[in-house]
Amino acid sequence: MLSTIIDWIAAHPYQVVGLVLPIVIPLALFQILPLLVLMERRGAAMIQDRAGPNRAYIPIPFLNVKVRGFGMIFNLTDAVKLLFKEHFTPPFVHKGYYRIAPAIPLITGLLTPALIPWFSPIVYQGGVLSGQTIDANSGILMLFAMASLSVYGVVLGSWASNSKYSLLGGMRASAMMISYEVSMGLSVIGMLMIVGSVSLTDVVEWQGQHTWGFVVQPVGFLLFLVSMFAECNRNPFDVAEGESELVAGFHTEFNGVKFMLYMSAEYLHMIVASVLIATVYFGGYQLLPIPGFGPEWVKAHVGQVLAIGLVGMALGLLGFVWVIKNRKAIHARSDSNPQDKAERAKEYGLYMAVFTLAGLGLLGAAGASWALINIERLGQGWIDFITAAVQFNIVIAKALLFCWLFVWVRWTIPRFRYDQIMDLGWKVLLNVALVNLLVTAVVAKLIG
C-alpha cells in the first residue's frame with residue numbers, strides 16, 4: 001500500500017503540489033505572523049525613540065549566553081500567556097455566539113489567500129497547475145465577498161458580549177465597512193476595466209505585458225491603499241476598538257485564546273491586504289515593471305534569478321551583522337552595569353557569528369544556483385517548481401514592504417474621530433473614486 005502511494009506521488013508531481021498548496025500557503029503565512037508582531041514592536045520603538053522589547057530572554061547554559069532574539073522571545077511569552085490563561089466567560093454574555101465570533105475573522109483570513117495567484121500557471125502534459133488554490137473566474141469579486149464576512153465576527157462578538165462599549169465598537173465597525181467598501185470596490189474597477197477581466201491571474205499577466213498597475217491607476221491605488229487600512233482595522237481607522245474611548249471596543253470582554261484569535265486575524269488580514277495590493281497594483285509575481293521579464297523569462301533564467309535573490313538576502317544578513325556590531329559598541333559605551341555589558345557583548349557576539357555564517361552560506365548557495373540550475377541539467381518539473389518558489393517569494397517580498405507601511409502609518413498618524421472617518425468615506429473617497437472611474441472609462445474608450 002505504501003509503495004503504491006509513493007509510486008503515484010512520483011508519477012504525478014504536479015497533482016501532488018496542487019493537493020498540498022491549500023495547506024502550505026496558510027502555514028507559510030502563519031510563519032510570517034510572529035515576524036509582523038516583532039516588526040510592530042521594533043518599529044514602534046524606533047519611531048517613538050525608545051528601547052523596545054529587550055528584557056525577556058532564554059538562557060543557554062553551555063554557552064553562558066542569554067538570548068533575547070531582539071524581542072522575539074516576547075512573542076513566545078505572549079503565546080504561552082494567552083494559551084494558558086484562564087478561559088473566563090463573563091456571566092452576562094450570549095455564550096454560543098461569544099465563543100464562535102473570534103473564529104470568523106481568522107477563518108476568512110485563512111480562506112482569502114486561496115483566491116490570490118502566488119505564481120504563474122504551470123502548463124504540463126495532462127493539465128494546468130494554477131497559482132491559485134481556488135481558480136475562480138470571478139476572481140477579485142469573490143475575494144471581496146469572502147473578506148467582507150470578517151466584519152460579522154466583529155459585530156457578532158460585540159453584540160454577544162452584551163456590553164455597551166463592545167456594542168458601540170461593533171456598530172462603528174459595521175458603519176465604517178459600508179462607508180469604505182463602496183470606495184474600495186470602485187477604486188479597483190478602473191484597473192479591471194483596463195485589463196478587461198476580473199481574474200486576478202489575468203490582472204497580473206496584463207501587468208507583465210505592459211506595466212504595473214500603480215502606473216496606469218495611481219489614484220485607484222491610493223484609494224485602494226486607504227481602504228485596506230480601514231479593512232484591516234488599523235490606525236488611523238481603528239475606531240472599532242478605540243482604547244481611549246471604548247476601553248477596548250468590540251473585544252473588551254474577550255481574553256486568553258479568544259483574544260489571541262482576534263489579534264491573529266488582524267495580522268493575517270494585514271498580510272493578505274498587503275499581498276492583494278502587491279498583486280493588483282505592483283505586478284504580483286512579476287519580477288520587474290517593464291515587459292520582457294515575465295514568467296517565461298524567469299523560467300529560462302531561474303538559476304540566475306535565484307542566485308541574485310540569495311545574494312540580496314546574504315547582503316541583508318551581512319548588513320544586519322554590521323548593525324549588531326554598532327549596537328554592541330553603543331551598549332559598551334552606555335551607563336549599564338558591567339555584568340549587563342558583559343552579557344550583552346556575549347549575546348551580540350553570538351548573533352554576529354550566526355548571521356555571518358548564514359550570510360556566507362547563502363552566498364555559497366547563490367554560486368551553486370548560478371552554476372548548476374538550468375533546463376539541461378534539471379528536469380522540467382524541478383524547473384517549474386523552483387520558478388514557482390521564486391515567484392512566491394517575489395510576492396512575499398513585495399507584501400512585506402506594505403506590511404512595514406501598515407506599521408509605519410499606525411505609529412505615525414493619530415486615530416481619526418468616528419465622524420471624520422464617515423466624512424472621509426462618503427464625501428471624499430467615494431467622490432474621488434467615481435471621478436477616477438469616469439476618467440478611466442473615457443480614456444479606455446478613446447484608446448480602445
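Among the residues of the range 80-123, those that are basic (Lys, Arg) and assigned to a helix (DSSP H, G or I) comprise Lys81, Lys95, Arg99. Of all residues assigned to the range 19-30, at least one qualifies as being part of a helix (DSSP H, G or I) and among the small types (Gly, Ala, Ser). Going through (1) under 18 Å from Lys346 (Cβ atoms); (2) touching a residue at least 12 places away in the same chain (Cβ under 8 Å) one by one, Phe62 falls short only on (2). With a requirement of 3 or more residues that are hydrophobic (A, V, I, L, M, F, W, C), the helices (runs of 4 or more DSSP H) lying completely within the range 151-254 that satisfy it span 164-195, 200-209, 213-216, 218-231.
Kindly list the number of the only condition in (1) in a helix (DSSP H, G or I); (2) without any contact (Cβ under 8 Å) to a residue 40 or more places away in the chain; (3) surrounded by fewer than 18 Cβ atoms within 10 Å (Cβ to Cβ) that fails for Ile134. Evaluating Ile134 over (1) in a helix (DSSP H, G or I); (2) without any contact (Cβ under 8 Å) to a residue 40 or more places away in the chain; (3) surrounded by fewer than 18 Cβ atoms within 10 Å (Cβ to Cβ) leaves (1) as the failure. In the range 140-165, the residues that are within 22 Å of Thr279 (Cβ to Cβ) form Cβ pairs under 6 Å with partners that are outside any helix (DSSP H, G or I), at six or more places apart or across chains, as follows: Ile140/Val198; Leu141/Val198; Met142/Ala136. Considering Ser187, Ser197, Ser150, the condition of being within 23 Å of the chain's Cα centre (by Cα), over 26 Å from Ser264 (Cα atoms) and among the hydroxyl-bearing types (Ser, Thr, Tyr) is satisfied by Ser187 alone. In the range 410-417 there is no residue that is touching a Ser or Thr at 6+ places or on another chain (Cβ under 9 Å) and under 22 Å from Gly294 (Cα atoms). Of all residues in the range 109-125, those being over 19 Å from Gly283 (Cα atoms) and either free of Cβ contacts under 8 Å to residues at least 60 places away in the same chain or among the aromatic types (Phe, Trp, Tyr) (or both) number 4.
The one condition from (1) modelled with pLDDT of 90 or more; (2) closer than 24 Å to Leu362 by Cβ that Ala273 does not meet is (2). When you scan the range 255-270, do you find a residue that is among the hydroxyl-bearing types (Ser, Thr, Tyr) and in contact with a Pro (Cβ under 6 Å, 6 or more places away or on another chain), even just one? There is at least one residue in the range 255-270 that is among the hydroxyl-bearing types (Ser, Thr, Tyr) and in contact with a Pro (Cβ under 6 Å, 6 or more places away or on another chain).
The values are calculated or read from the model by the stated rules, or taken from the named source; none is laboratory data. This structure is a prediction, so every number in the text was calculated from the model and none was measured. Counting neighbours? That spans all protein chains shown, and the Cβs are built from the backbone with ideal geometry, glycine included.
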